[in-house]
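This report refers to the structure that appears directly beneath it.
The values are calculated or read from the model by the stated rules, or taken from the named source; none is laboratory data. Only a predicted model underlies this, so the values are computations on that prediction, with no experimental measurement involved. As a convention, Cβ positions derive from the backbone with ideal geometry for all residues, glycine included, and neighbour counts pool all protein chains shown. Just the protein is used for accessible areas: all its heavy atoms, side chains included, with ligands, DNA and RNA removed. Shrake-Rupley method; radii C 1.70, N 1.55, O 1.52, S 1.80 Å.
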Amino acid sequence: MRLRSLFLLLLLFLSAVSIDAQNSQLPQLGKSTIQQIVAAMTLEEKASLLVGKGSGQAPSGPMIGQMQALVEGAAGRTFDLPRLGIPTMVLADGPAGLRISPTRKGDANTYYCTAFPVGTLLASSWDVDLVNRVGQAMGNEVLEYGADIILGPGLNLHRNPLCGRNFEYYSEDPYVVGKTAAAMVNGIQSQGVGTSIKHFAANNAETNRNTLNTFVSQRALRELYLEGFRIAVQDAQPWTVMSSYNLINGTYAPESFDLITNILRKDWGFKGFVMTDWGGGKDWPAEVRAGNDLIMPGNPSQVQAIIAAVKEGKLDEKDLDRNVESILNIVLKSPRFKGHRFSNKPDMKAHALVARQAASEGMVLLKNSDETLPFPDSLKKIAAFGNTSYESITGGTGSGDVNEAYSVSLSEGLKNAGYAVNENLAAMYQGYLKATKEGRPAARQFMVSVAPTPELIIDAGLAASMAAVSDVAVITIGRNSGEGRDRKDEEGDFRLSAVEKDMIKTVTEAFHAKNKKAVVILNVGGVVETSSWKAAPDAILLAWQGGQETGNSVADILKGIVNPSGKLATTFPVTYEDAPAAKNFPGKELPSDQPSQPQQGFMRGKPAEVTYEDGIYVGYRYFETFKVKPSFEFGYGLSYTSFEYGSPKLSSQSFGGNLTVSVDIKNSGKVPGKEAVQLYVSAPSGKLDKPAMELKGFAKTKLLQPGETQTLSFVLDAHSLASFDETESAWIADAGTYAVKVGASSKDVRQSASFTLGKSMVVKKETNSLAPKTKINELRPAR
């Protein structure tokens, strides 16, 4: 018996030696060409590499948090093939910071990540160098926590104020979107990890997001909804792009050859790979054929569907080879392939400082009557009203959320800054918030929104008693939203509730009666209505959602440690109806035999469609062209100092391929400050309708001392002058006189100049892609 056992062991040993010998003769990733690797793969291995490494535990594969074997709480990972030296890659969420589980089974340590400011706040800084630094810090956490690719940033346009994920995205303007995203991508990828810019493309609503058919013209796509992605791709070459859930002109985005191969790769020169959003699309072979390389999160049935399509002649195996090559090119860059030994110990203190600075740089001072802010040194005692004075909202919900170690509320930030926050009022709010939470579900479940706590009613007597013992009132209004659902034009959401308005009115009147002032802080992720109540308070600070250091960052501005320099990257309309997309957002549901499913998790809703009738007139393009007055315009933001704009100097009076515009910016006030300067271009009348003005450059000064001047320069190239002509499938610049407008906002133009283009020019031909089957009746200005 013993001899038999020894004989069996010998056979196993010889078999292992034989397998090792065979494997040693196989090509290995990094030592052989990718073409040799692909040639050595079986059809099943190729198909498996194109599908995320699902466990088959659920019909759609493992979802968020089922990647515990490598990094707990990561969103997914890719297929590994050890015999050819191909490791897995871990993919994790992260538009506002890496999102992984802070706790691990059998491990007493915690693995918190930094909650950085949301995308809209970062764009409101108008500072690409700052955004790059945030990206570097974020990328370091991705690296040191063992992930390879972070699923962000989000680039979708603020088409409508009510999109539930606007907080993740940057702006209503594609130039701001593209330049901000490129800075973030370059910052993250400088750490040796990858990004996945998303959601490609025209994903501007969350309602029925998995089934929504978006009808949009080629021109609106090229000039608005694709332009930010183009800039990010060409300026930063992200490792990956994530295709969106929605259909575009009748075809699911991940199944669109026009979108993924013609536009992304042929027109723009994208070098990385494309992955689906989690559960995106329906036809797996069609996704492979379109050039959508990776299907996430993946399950075995998808692998089998791809194999069957090849065997049945419905899918060319060369399409698999092409997609495998795209993925392997990125695997070669990944930390796991390079053998990085992650520490699980990024420098969280340093990253918190980056988050604090970024938050204060992107907050926007909307109103400041009689120099209410910064608070004078004599001001010591503050009465803090509003639920979110005590429980700040650091970021939105869903995949844009972060598990941070702590968050600083406004009241804590004020105390940290040396102010005395009225303890009786604070105790009343804290008791109220504790009582209303009892029996309610946890607030931080993925893709689950908890109804906000109604504001505490503040009567005139309480307000008067606080005014008698406090130096100033701070009133915080909070809003949150997230993935899977859109906001509503209702009281308590886009509009302030009656209780919130009454609180502002009652508190302001009580403090004014004592010759004291009241300040409103907007702790919101998206646009809210301001026109009906903004006259009441003395100052309004738009704090957005500033991440874990929100309270400290707000206090830095209120105290004057930081001079606010943020400006709006999205328009605040007077009423929701003034938004050009208001009448058809988020779209209409179509007749269906299937019951509507809740927009929660990865479930699908009813078939639905939306037509982008606003065309190219989104945001300030609409408000300026159609002369509709906003509550606060695009680019608007106040400072504690003032700035003078010198006359712009043009490198030439005629355009010859590129042109430089230089302008001197002087701090003409009494305190140091930064100024975000915007360059707009107005095109001559031509074949196509044009917006009244379009942003074509921006820059932020350094911290200028009183009396100090800095020269800023902007370069206009041919693309800066061009519009997309659908009949030519090309970017065309019309001959004529172009106006250059340098200003502090879209309405506050300080200086202007002009130059001429002597002859119309075709700037660039593009593939004729994504044409709608029927003409869209788009908004057009009267001629």
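In µm²/s, what is D for segment 669-717 at 20 °C and 1.002 mPa s, where D = kT/(6 pi eta Rh) by Stokes-Einstein and Rh is the Kirkwood radius from Cα pairs? The diffusion coefficient I find is 163 µm²/s. For the chain, adding -39500 (n - 2.57) for each run of n ≥ 4 DSSP H residues and dividing by the number of residues yields -8000 deg cm²/dmol at 222 nm. DSSP assigns beta bridges within the chain; of those with both partners inside it, close to 55 percent run antiparallel.
Rounded to two decimals, the Cα-based Rg/Rh of segment 276-346, with Kirkwood Rh, is 1.10.
Each principal axis of segment 510-550 carries a Cα extent, and these read 35, 25, 11 Å when sorted largest first.
Using all pairs of distinct alpha-carbon atoms, the Kirkwood hydrodynamic radius of segment 356-396 works out to 13.0 angstrom. The convex hull defined by the C-alpha atoms of segment 184-250 has an orientation-averaged projected area of 4.8 nm². Extension gain, SER652-GLU44: 0.36 nm per intervening residue step, less the Cα-Cα distance, totals 212.8 nm.
With all projection directions averaged, the alpha carbon convex hull of segment 700-764 covers 6.2 nm².
With all protein chains in place and a 1.4 Å probe, the accessible surface of the chain carries 51 percent carbon and sulfur.
Over all Cα atoms in segment 473-553, the spread is summed up by Rg and Dmax: 13.5, 46 Å. Packing, taken as the mean count of other beta carbons within 10 Å per residue, orders the peptides 159-166, 130-137, 278-285 from highest to lowest as 159-166, 130-137, 278-285. Amide H contacts under 5 Å for SER754: VAL740, restricted to partners 5 or more places along the chain or on a different chain, H placed in the peptide plane at 1.01 Å from N. Using a simple spin-label model with pseudo-atoms 7 Å out from Cα toward Cβ, VAL762 and VAL715 lie 2.6 nm apart.
For the Cα trace of segment 167-326, dividing Rg by the Kirkwood Rh returns an Rg/Rh value of 0.97. Along the axis of the charge dipole computed for the chain (Cβ charges of +1 for Lys and Arg, -1 for Asp and Glu, origin at the Cα centre), the listed residues VAL749, ASN480, SER32 are led at the positive end by SER32. Evaluated at q = 0.12, 0.16 Å⁻¹, a Debye calculation over the C-alpha positions of segment 359-492 (equal weights, vacuum) places log10 I(q)/I(0) at -0.58, -1.01. For segment 334-376, the extents of the C-alpha atoms along the principal axes are 59, 19, 8 Å, listed from largest to smallest.
Each listed q (0.14, 0.17, 0.18, 0.20 Å⁻¹) maps to a log10 I(q)/I(0) for segment 126-260 from the Debye sum over equal C-alpha point scatterers, namely -0.60, -0.86, -0.96, -1.14. Note that the chain carries a Kirkwood radius of 27.6 Å, evaluated over its alpha carbons pair by pair.
Want the number for ASN109 to ARG322: 0.36 nm per residue separation, take away the alpha-carbon distance, what's left? Net length gain for the segment: 72.4 nm.
A simple rule links phi to the HN-Hα coupling: the Karplus curve 6.51 cos²θ - 1.76 cosθ + 1.60 with θ = phi - 60°, which for segment 750-755 gives 8, 9, 8, 7, 8, 8 Hz, with x for Gly and Pro.
Of the cross-linked pairs LYS53/LYS314; LYS696/LYS741; LYS179/LYS666; LYS381/LYS534; LYS534/LYS629; LYS271/LYS314, those separated by over 18 Å at the C-alpha level are LYS53/LYS314; LYS179/LYS666; LYS381/LYS534; LYS271/LYS314.
The share of Cα pairs per 5 Å bin across segment 235-355, counted from zero up to the longest distance, runs 2, 10, 17, 19, 17, 12, 8, 6, 5, 2, 1, 0 percent. When you work out D = kT/(6 pi eta Rh) for segment 561-681 at 37 °C and 0.692 mPa s, using the Kirkwood radius from C-alpha pairs as Rh and the Stokes-Einstein form, the result is 173 µm²/s.
Using only the alpha-carbon atoms of segment 465-616 as identical scatterers, what base-10 log of I(q)/I(0) does the Debye formula give at q = 0.13, 0.18 Å⁻¹? After summing over all Cα pairs, the log10 values are -0.76, -1.19.
Placing R0 at 30 angstrom, the Cβ-Cβ distance between ALA350 and LYS702 gives a FRET efficiency of 0.85 after rounding to 0.05. Each principal axis of the Cα cloud of segment 628-783 was evaluated for its coordinate range; sorted largest first, these ranges are 58, 37, 28 Å. Express in % the proportion of alpha carbon pairs of segment 138-189 at distances exceeding 16 Å. Tail of P(r) above 16 Å: 47 percent of Cα pairs.
Computed over the alpha-carbon pairs of segment 105-160, the distance histogram in 5 Å steps reads 4, 13, 24, 22, 16, 11, 6, 4, 2, 0 percent, short to long. Counting only Cβ charges, +1 for Lys and Arg and -1 for Asp and Glu, the dipole size of segment 356-477 around its Cα centre is about 280 debye. Computed about its Cα centre, the charge dipole of the chain is approximately 880 debye, with only Lys, Arg, Asp and Glu carrying charge at their Cβ. Quick one: which residues, 5+ away or cross-chain, put their amide H under 5 Å from the amide H of ALA74? H built at 1.01 Å from N. When sequence neighbours closer than 5 places are left aside, the close amide H contacts are GLY65, MET67, SER101.
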